[in-house]
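*Asks:* Mind having a look at this structure? Questions to follow.
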Amino acid sequence: MINCIIRKWKLSDAKDLAFALSNKSVQDNLRDGLPFPYTANDGEEFIKAMLSANENDTFAFAIVYNGKVVGSIGAFRQGNIHSQTAELGYYISEEHWGKGITTLAVKSICEYIFAYSDIIRIYAEPFAYNRASCRVLEKAGFEFEGTLRSNAVKNGKVLDMKMYSVIRK
């Protein structure tokens with residue numbers, strides 16, 4: 001059994017967060033805008049922002065494995081006609097890839113959001129080449145909806161993304 005939970009952030013998590021994000025392989029699978037290298041100060045600023053965010057719009061958690069923060073998972077309410085939809089994002093440190101931790105974290109945050117909010121749809125848009133992330137979503141019960149062709153430019157390359165979602169039962 002995997003010893004993994006998600007929990008609210010603590011300022012003391014900043015160092016572990018910085019360790020997870022100061023890795024080019026991790027950042028290559030995320031959206032742009034994160035500093036590299038990622039420092040404990042960057043982590044503190046992120047954690048402060050997540051702790052002060054509206055809890056009905058921002059669902060942000062640390063991924064904890066064997067008592068240590070190894071990543072981040074969050075879902076963010078969308079606006080206007082999509083106000084009952086949330087976009088999901090996540091990452092874990094590279095040494096924890098392939099252990100099933102992220103799948104458990106995705107299942108946990110979805111259960112939480114559907115239990116404690118009016119969100120009816122959660123979606124994620126991994127890069128199409130990121131088979132591991134696509135597999136995480138599939139194992140967590142998300143359905144593949146289609147390919148978003150030439151949907152992003154990352155590291156100078158035009159990339160397709162895949163659309164996955166899970167709907168409140």
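The values are calculated or read from the model by the stated rules, or taken from the named source; none is laboratory data. A quick note: this is a predicted structure, and the numbers were derived from the prediction, not measured. Here Cβ is always computed from backbone atoms with ideal geometry, including for glycine, and neighbour counts include all displayed protein chains. Just so you know, the surface numbers come from the protein's heavy atoms only, side chains and all, with ligands and any DNA or RNA stripped out. Shrake-Rupley method; radii C 1.70, N 1.55, O 1.52, S 1.80 Å.
*Asks:* When the Cα centres of segment 102-169 and segment 12-61 are compared, how far apart do they sit, in Å?
*Replies:* With segment 102-169 and segment 12-61 each reduced to a Cα centre, they are spaced 19 Å.
*Asks:* Sticking with this one: Where does the chain land at 222 nm, in deg cm²/dmol rounded to the nearest 500, when only DSSP H runs of n ≥ 4 count, each adding -39500 (n - 2.57), divided by all residues? Please list the in-between numbers first.
*Replies:* Details: 5 runs with 50 residues, N = 169.
The helix contribution divided over the chain gives -8500 deg cm²/dmol.
*Asks:* Calculate, for K107 and A49, the FRET efficiency according to 1/(1 + (r/R0)^6) with r their C-beta to C-beta distance and R0 25 Å; round to the nearest 0.05.
*Replies:* Working: r = 25 Å, r/R0 = 1.01.
Efficiency, rounded to the nearest 0.05: 0.50.
*Asks:* Per residue, how much accessible area does segment 48-169 have with a 1.4 Å probe, in Å²? Write out the running numbers ahead of the final one.
*Replies:* On the way: 6370 Å² over 122 residues.
Averaged over the residues of segment 48-169, the accessible area is 52 Å².
*Asks:* Going by accessible area, probe 1.4 Å, with all protein chains left in place, what is the ranking of W9, W97, largest first?
*Replies:* Details: W9 10, W97 110 Å².
Heavy-atom accessible area, descending, gives W97, W9.
*Asks:* In nm, give the distance between the simple-model label positions of E87 and N130, each being 7 Å from the Cα along the Cα-to-Cβ direction.
*Replies:* It works out to 1.2 nm between the two label points.
*Asks:* When the Karplus curve 6.51 cos²θ - 1.76 cosθ + 1.60 is applied with θ = phi - 60°, which whole-Hz ³J(HN,Hα) does each residue of segment 18-34 get, with x for Gly and Pro?
*Replies:* 4, 4, 5, 8, 8, 9, 4, 4, 5, 5, 5, 9, 10, 5, 6, x, 8
*Asks:* Between (i) 9.7; (ii) 13.7; (iii) 11.6, which matches mean projected area of the Cα convex hull in nm² calculated for the structure shown?
*Replies:* Recomputing mean projected area of the Cα convex hull in nm² here gives the entry labelled (i).
*Asks:* Which distance in nm do the two modelled labels at L148 and L34 give, with both placed 7 Å along the Cα-to-Cβ direction?
*Replies:* About 1.8 nm separates the two model spin labels.
*Asks:* I'd like the Karplus ³J(HN,Hα) series for segment 35-45: coefficients 6.51, -1.76, 1.60, θ = phi - 60°, whole numbers in Hz, and an x wherever there's a Gly or Pro.
*Replies:* x, 9, x, 8, 9, 4, 5, 4, x, 4, 5
*Asks:* Further question on the same structure: What list of ³J(HN,Hα) couplings, whole Hz, do you get for segment 46-58 from phi and the Karplus terms 6.51, -1.76, 1.60, once you set θ to phi - 60° and write x for glycine and proline?
*Replies:* Result, rounded to whole Hz: 4, 4, 4, 5, 5, 6, 9, 6, 5, 5, 8, 10, 10.
*Asks:* Next question, about the same structure. So which lysines can K68 reach, going by Cα to Cα under 25 Å and dropping same-chain residues fewer than 8 places off?
*Replies:* K8, K10, K15, K24, K48, K99, K107, K139
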